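In what follows, a single structure is set out as structure tokens and then discussed.
The values are calculated or read from the model by the stated rules, or taken from the named source; none is laboratory data. In this text the structure is predicted, and so the values were computed from the model without any measurement. Cβ placement follows ideal geometry from the backbone for every residue including glycine, while neighbour counts extend to all protein chains displayed.
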Amino acid sequence: MQKMRYTDGDPDHADSDKTFTVEEAVDCIGLGCFQWRIFIVSGLITAADALEMLLLAVLSPVLRCSFGLTDFQVALITTVVFCGMGTFAPIWGIVGDKIGRKSTLVNVTLCIGYFGLLTAASPNYIWILILRGMVGVGMGGSPQGFTLLAEYLPSKNRAKVLIFSQIFWAAGSMFEILLAALVIPTIGWRWLLAFSAIPVLTVVPLLWFIPESARYLVATGQYDKALRNLNYAAKVNKSKLPEGRLVKSQVQTETGRVRDLFSREYLRSTLQLWMLWFGTAFAYYGMVLASAEILRVENEKNSHSCKCNYLTSEDYKTMIISTLGEFICLPVNMLLIDCIGRRLTGSLNLAGTGIFFLLLQLSVPRWLLTTFMFAVRGFSSATFNWIYIYSSEVYPTSVRTVGMGMASAWARVGAMITPFVAQVVLAASVTAATWVYGLICLSCAAVAFFLPIETKGRPMPQTVVYDSFQ
């Protein structure tokens, strides 16, 4: 039989009087300018991702009219993006554990920006599908920025800083809706595509000014580079590293090994996380898409016209207000995640998402409908923020990005399915669509509650170790 454990120190340096691990070094360096630089770059990537995501919601009504698309064809535009993300998320995860977080991010941002710009010149519907799919390929690797930031944060500050990083996604979402309200009615949807792709390209040169993850470097045996990066971090933060020699916190294993995700210690966590990533993405992107579709269906009923209805200024106003709900996840998660723990926080967020999704089927005044949409966006965004934090904390460094990549792939499966609920089923029956979302969210709330590992106050493990015993 095999038993998993973690061992302290490094056998290669067993005789050293004083040693320290990356975890101890990062805690000793503390939170300062060094981390805030990475925070900004990682946040800009997140904001650029949000632009590309919200683009799908505001673009759908326009493309429906411009190309005479059916509900199924409109949903397919969103699905191909998530198909690219789901297919390449685990691949980018393996690449990130093999060649490093920083190098992977450079390729990811170039891919998103390049194909995003090309989409603006799409001559027809087929080319839109192809090029948006390639944008999705790049977006499958965007969690690398979140991982890089998490691996340089002191344990006592990690959760709060990662929660606060959600402000970039919320700001990017808000900016995209405002941009759409200004650009689409004046110079057209192609310019919106171009303007939405430019921000991610501006991040590429900034990536050269942030260091590779010291945790990754130690996990791959590059001690000199890891120590150099940690010394630089200490210098920027005006602090010092612990005395002694940098060592591995556990016996080293190969990085990026997928089978470690199914080891005795992590099998249950992996399977439950896959369910949670699926449900989280299904609900969040479902609300993003449904917000435009619900308003379009309402306009169709009021005008008694065909399905070719552009969003009005009042619709954009409603979407902007509901998007503000994403900012409520900051105080909610900050108050709860270190107080009641990770598992219960995730469970409460998912339950809130499900309850308010069910309320969307009610026939209510526009202001109350906006309130329900505001709440769904807030709780679903808080859930996404939570699942990233929990996943980055539960897996060891040696498989952290591949673990998040595999889980993210399941999120993309949920995101690939959700357009057909939010844009096809909802067009036929708002009640049926909201019940699907509500039940899935409430089921995931139970799954989150019974996660096997509570990561509150738990150091980020470095690697997976197996021991044989009789």
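Answer with yes or no whether A290 is outside any loop (DSSP other than H, G, I, E, B) and at pLDDT 90 or above. Walk me through it before giving the result.
Details: outside any loop (DSSP other than H, G, I, E, B): yes; at pLDDT 90 or above: no.
Judged against the criteria, A290 is not a match.
Residue-wise test of (1) over 30 Å from L56 (Cβ atoms); (2) modelled with pLDDT under 80; (3) of a type outside the set (S, T, Y); (4) assigned to a strand (DSSP E or B).
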| position | (1), (2), (3), (4) |
| --- | --- |
| A226 | yes, no, yes, no |
| Y232 | yes, no, no, no |
| S249 | yes, yes, no, no |
| G256 | yes, yes, yes, no |
| N302 | no, yes, yes, no |
| Y316 | no, no, no, no |
Quiz prompt | Filter result for the condition that a residue is over 18 Å from M139 (Cβ atoms) and of a type outside the set (A, V, I, L, M), over G354, G414 | solution = G354
Exercise. Of all residues in region 121-167, count the ones that are over 17 Å from L51 (Cα atoms) and either of a type in the set (S, T, Y) or in contact with a His (Cβ under 6 Å, 6 or more places away or on another chain) (or both).
Key: 5
Quiz prompt | Whichever residue in region 13-67 is among the hydroxyl-bearing types (S, T, Y) and not in a helix (DSSP H, G or I) and, among such residues, is surrounded by the most Cβ atoms within 10 Å (Cβ to Cβ) | solution = T21
Exercise. Kindly list the number of the only condition in (1) of a type in the set (G, A, S); (2) in a helix (DSSP H, G or I); (3) surrounded by fewer than 24 Cβ atoms within 10 Å (Cβ to Cβ) that fails for S122.
Key: (2)
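Residues checked against (1) among the aromatic types (F, W, Y); (2) in contact with a Ser or Thr (Cβ under 9 Å, 6 or more places away or on another chain); (3) in contact (Cβ under 8 Å) with a residue 12 or more places away in the chain; (4) closer than 19 Å to I294 by Cα:
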residue	(1), (2), (3), (4)
S408	no, yes, yes, no
A411	no, yes, yes, no
A415	no, yes, yes, yes
T418	no, yes, yes, yes
V421	no, no, yes, yes
V436	no, no, yes, yes
A446	no, yes, yes, no
Quiz item: Checking P396 against (1) in contact with a Pro (Cβ under 9 Å, 6 or more places away or on another chain); (2) crowded, with 24+ Cβ neighbours inside 10 Å; (3) within 18 Å of L149 (Cβ to Cβ), which test does it fail?
Solution: (2)
Practice problem: State whether one or more residues within region 391-407 are out of contact with any helix residue (DSSP H, G or I) (no Cβ under 8 Å at 6 or more places or on another chain), of a type outside the set (D, E, K, R) and not in a loop (DSSP other than H, G, I, E, B). | Solution: no
Quiz item: Quick one: which of F20, F82 is in contact (Cβ under 8 Å) with a residue 60 or more places away in the chain and in contact with a strand residue (DSSP E or B) (Cβ under 8 Å, 6 or more places away or on another chain)?
Solution: F20
Quiz item: How many residues are within 22 Å of S443 (Cα to Cα), crowded, with 17+ Cβ neighbours inside 10 Å and among the aliphatic types (A, V, I, L, M) if we restrict to region 326-378?
Solution: 14
Quiz item: Given the conditions (1) outside any helix (DSSP H, G or I); (2) at pLDDT 85 or above, which single one is not true for L76?
Solution: (1)
Quiz item: Is it true that G341 is out of contact with any Asp or Glu (no Cβ under 8 Å at 6 or more places or on another chain) and more than 29 Å from L179 (Cβ to Cβ)?
Solution: no
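Rundown of residues vs (1) within 21 Å of the chain's Cα centre (by Cα); (2) farther than 30 Å from V258 by Cβ, yes/no style:
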{"residue": "A57", "(1), (2)": "yes, yes"}
{"residue": "L69", "(1), (2)": "no, yes"}
{"residue": "V74", "(1), (2)": "no, yes"}
{"residue": "V81", "(1), (2)": "yes, no"}
{"residue": "G86", "(1), (2)": "yes, no"}
{"residue": "G96", "(1), (2)": "yes, no"}
{"residue": "S142", "(1), (2)": "yes, no"}
Practice problem: Kindly indicate the residue of region 208-224 that is in contact with a Ser or Thr (Cβ under 7 Å, 6 or more places away or on another chain) and not in a loop (DSSP other than H, G, I, E, B) and also nearest to L63 (Cα to Cα) among those meeting that condition. | Solution: Y216
Self-check item: Output for region 162-189, where each listed residue is without any contact (Cβ under 8 Å) to a residue 40 or more places away in the chain, assigned to a helix (DSSP H, G or I) and surrounded by fewer than 17 Cβ atoms within 10 Å (Cβ to Cβ)
Solution: L182
Quiz prompt | Some residue of region 141-150 being on the phi < 0 side of the Ramachandran plot, of a type in the set (S, T, Y), in contact with a Phe, Trp or Tyr (Cβ under 8 Å, 6 or more places away or on another chain) and in contact (Cβ under 8 Å) with a residue 12 or more places away in the chain | solution = no
Quiz item: Within the set of pairs 6+ apart or on separate chains, which have a first residue in region 321-332 that is free of Cβ contacts under 8 Å to residues at least 60 places away in the same chain, a second that is not in a helix (DSSP H, G or I), and C-beta atoms under 7 Å apart?
Solution: none
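What about M134, is it within 22 Å of the chain's Cα centre (by Cα) and closer than 30 Å to V332 by Cβ?
Working: within 22 Å of the chain's Cα centre (by Cα): yes; closer than 30 Å to V332 by Cβ: no.
So M134 fails the test.
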Quiz item: In region 403-435, how many residues are under 24 Å from T270 (Cα atoms) and either of a type in the set (A, V, I, L, M) or touching a His at 6+ places or on another chain (Cβ under 7 Å) (or both)?
Solution: 9
Quiz item: Say we look at region 408-434 and pick out the residues that are surrounded by 24 or more Cβ atoms within 10 Å (Cβ to Cβ) and modelled with pLDDT under 85; which of these is nearest to Q73 (Cα to Cα)?
Solution: Q423
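For the condition under 20 Å from V204 (Cβ atoms) and touching a helix residue (DSSP H, G or I) at 6+ places or on another chain (Cβ under 8 Å), what is the one hit in G86, G113? Full working, then the answer.
On the way: G86 fails: under 20 Å from V204 (Cβ atoms).
The match here is G113.
Can you tell me which residue is surrounded by the fewest Cβ atoms within 10 Å (Cβ to Cβ) among those in region 125-134 that are in contact with a Leu (Cβ under 9 Å, 6 or more places away or on another chain) and either among the hydroxyl-bearing types (S, T, Y) or in contact (Cβ under 8 Å) with a residue 24 or more places away in the chain (or both)?
Per the criteria, the residue is Y125.
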